[in-house]
């Protein structure tokens with residue numbers, strides 16, 4: 001179970017170019033983060049806080065393979081993205097960079113600014129009034145990926161296992 | 001054995017299995033990993049260093065430098081320098097620097113053939129499906145996993161068959177077919193499954209047009225877009241460094257499982273996507289009069305030799321409207337050279353076109369960009385708000401025929417009356 005965080009509501013079909021604008025891509029994640037979602041919510045980059053959630057409409061993450069569209073959300077501290085559906089390529093990228101996604105058919109019930117929490121292994125979202133929204137179960141190997149912080153730290157552990165203390 | 005899809009057969013081979021079922025999650029051996037200057041070295045090099053790992057098989061890696069060339073500023077120069085230095089240091093055997101866009105250069109250099117299982121560090125990687133290869137796009141971190149292990153996990157997809165019967169009429173192209181499919185099924189209609197394009201109209205398409213279909217499978221939200229390879233594939237590959245390929249096993253069996261959608265090529269009119277979604281589509285004749293400032297023929301989607309030829313057929317002997325800028329960025333140096341030797345390039349330039357380098361250009365707004373406030377008709381794949389580097393630009397998508405006709409008229413319009 002995560003800590004409670006504030007929900008940022010976004011529409012359907014949020015694309016990768018809105019999350020990580022192309023013109024910022026050569027400057028690195030720090031600059032991309034300052035322009036993340038500026039076309040939809042100009043205040044997002046300024047006001048997002050560590051532990052917040054994104055709650056979006058269908059087909060979140062359509063477009064490019066640029067994984068900065070997922071890692072930028074990890075960078076600014078978003079705990080998870082909750083939406084009725086995700087673009088497949090974005091789905092893979094998110095787990096690979098340690099971003100949790102929850103496929104939640106009833107995501108639209110969550111209000112902008114509402115305090116929510118998620119239970120990834122239980123595949124559910126907990127709303128501020130105590131109601132629970134069911135999500136599609138996430139395969140264990142993907143949850144392990146998020147727990148490890150993404151594929152890079154997971155590979156590091158696999159290739160360079162920490163020495164056991166005697 | 002039960003009838004199976006082309007996608008199942010390709011995955012079974014890569015997984016070392018006799019057969020696989022949709023929904024299974026399994027691990028595949030990768031035959032080829034392609035990446036470019038933006039998704040590749042600048043991201044992979046520091047992660048490989050952090051892991052102390054090396055590339056699993058350099059002969060299976062292809063690097064194409066296409067996004068930030070020619071270098072427009074210091075940041076672009078830095079990205080490209082990292083790619084070149086890393087390629088030299090690693091002694092990568094397959095590097096194509098400033099020779100064109102990765103999805104077009106890869107098959108033109110003989111790297112693709114039916115039956116291969118490939119990944120690309122770019123969303124338009126499904127282009128490889130035009131050659132009967134299972135090829136899909138992944139992000140840089142997942143590419144790191146491939147480059148270190150030579151493997152990748154996969155959920156065996158369902159297949160969505162897009163069956164096109166009949167024959168396209170003159171001036172209507174694969175781009176119009178794709179926009180029509182996007183209009184009907186939307187940007188995630190492919191549900192990250194395999195889309196297979198089939199039927200008489202698809203079988204009649206030349207390779208470049210099949211590439212356009214498979215390329216924009218990305219816009220359909222499919223993992224891969226496939227066309228069963230045939231004699232057209234064999235002949236094309238034989239001319240591009242991959243002679244004697246086997247096509248026979250690589251097709252979906254009659255009665256293979258999947259969803260089937262039907263389209264009629266004979267009645268299809270040119271299609272246009274409106275700002276700011278490739279799925280917001282209407283027939284070109286139903287569009288309100290739309291004056292354009294820029295007509296853009298570019299990208300892996302819409303500037304291959306066949307695309308340049310299509311534009312030239314419309315433009316030959318005519319001049320573009322005085323207020324329009326017609327920009328042409330051929331998809332590869334090879335396409336540009338062939339267009340030159342055929343006289344196609346002369347026809348484009350005589351009509352008033354400005355020739356740009358063979359690179360990704362303004363398509364994704366990485367290197368160059370279009371001006372703020374402009375209205376654009378473009379042969380590229382995506383028209384998201386701000387995609388081409390200008391937040392206030394309005395980008396319409398159409399075929400190279402439509403882009404050329406719109407440049408002549410000064411408003412977006414139908415090319416067919418110029419083709420008589």
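The values are calculated or read from the model by the stated rules, or taken from the named source; none is laboratory data. Quantities reported herein were computed from a predicted structural model and do not represent experimental measurements. Quick reminder, even Gly has a Cβ in these numbers, built from the backbone with ideal geometry, and neighbours come from all protein chains shown.
Yes or no: region B:397-417 includes at least one residue that is free of Cβ contacts under 8 Å to residues at least 60 places away in the same chain, out of contact with any strand residue (DSSP E or B) (no Cβ under 9 Å at 6 or more places or on another chain) and surrounded by fewer than 24 Cβ atoms within 10 Å (Cβ to Cβ). Yes, because at least one residue in region B:397-417 is free of Cβ contacts under 8 Å to residues at least 60 places away in the same chain, out of contact with any strand residue (DSSP E or B) (no Cβ under 9 Å at 6 or more places or on another chain) and surrounded by fewer than 24 Cβ atoms within 10 Å (Cβ to Cβ).
Close contacts from region B:175-189, counting a first residue that is over 19 Å from residue B:379 (Cα atoms) and not assigned by TED's automatic domain parsing to the domain that holds residue B:297 and a second that is in a helix (DSSP H, G or I) and modelled with pLDDT of 95 or more, with Cβ to Cβ under 9 Å and a gap of 6+ residues or different chains, come to B:188/A:88; B:189/B:181; B:189/B:182. If the condition is being within 14 Å of chain A (Cβ to nearest Cβ) and part of a helix (DSSP H, G or I), then region B:8-53 contributes B:41, B:42, B:43, B:44, B:45, B:46, B:47, B:48, B:49, B:50, B:51.
Checking A:50, A:34, A:46 one by one, the residue that is within 16 Å of residue A:71 (Cβ to Cβ), away from chain B (no Cβ under 12 Å) and either over 17 Å from the mean Cα position of the chain (by Cα) or not in a loop (DSSP other than H, G, I, E, B) (or both) is A:34 and no other.
Tell me the helices (runs of 4 or more DSSP H) entirely within region B:200-283 that contain at least 1 residues that are farther than 19 Å from residue B:107 by Cβ. Outline the logic, then answer.
Values: elements: B:200-203, B:207-215, B:231-238.
Because the criterion is at least 1 residues that are farther than 19 Å from residue B:107 by Cβ, the helices (runs of 4 or more DSSP H) in region B:200-283 that meet it are B:200-203.
The set of residues in region A:55-77 being under 18 Å from residue A:40 (Cβ atoms), part of a loop (DSSP other than H, G, I, E, B), touching a strand residue (DSSP E or B) at 6+ places or on another chain (Cβ under 6 Å) and within 9 Å of chain B (Cβ to nearest Cβ) consists of A:63 alone.
The residues of region A:14-31 that are assigned to a loop (DSSP other than H, G, I, E, B), buried (at least 23 other Cβ atoms within 10 Å of the Cβ) and over 13 Å from the mean Cα position of the chain (by Cα), listed by number, are A:20, A:21. Is region A:89-104 home to any residue that is more than 13 Å from the chain's Cα centre (by Cα) and surrounded by fewer than 23 Cβ atoms within 10 Å (Cβ to Cβ)? No.
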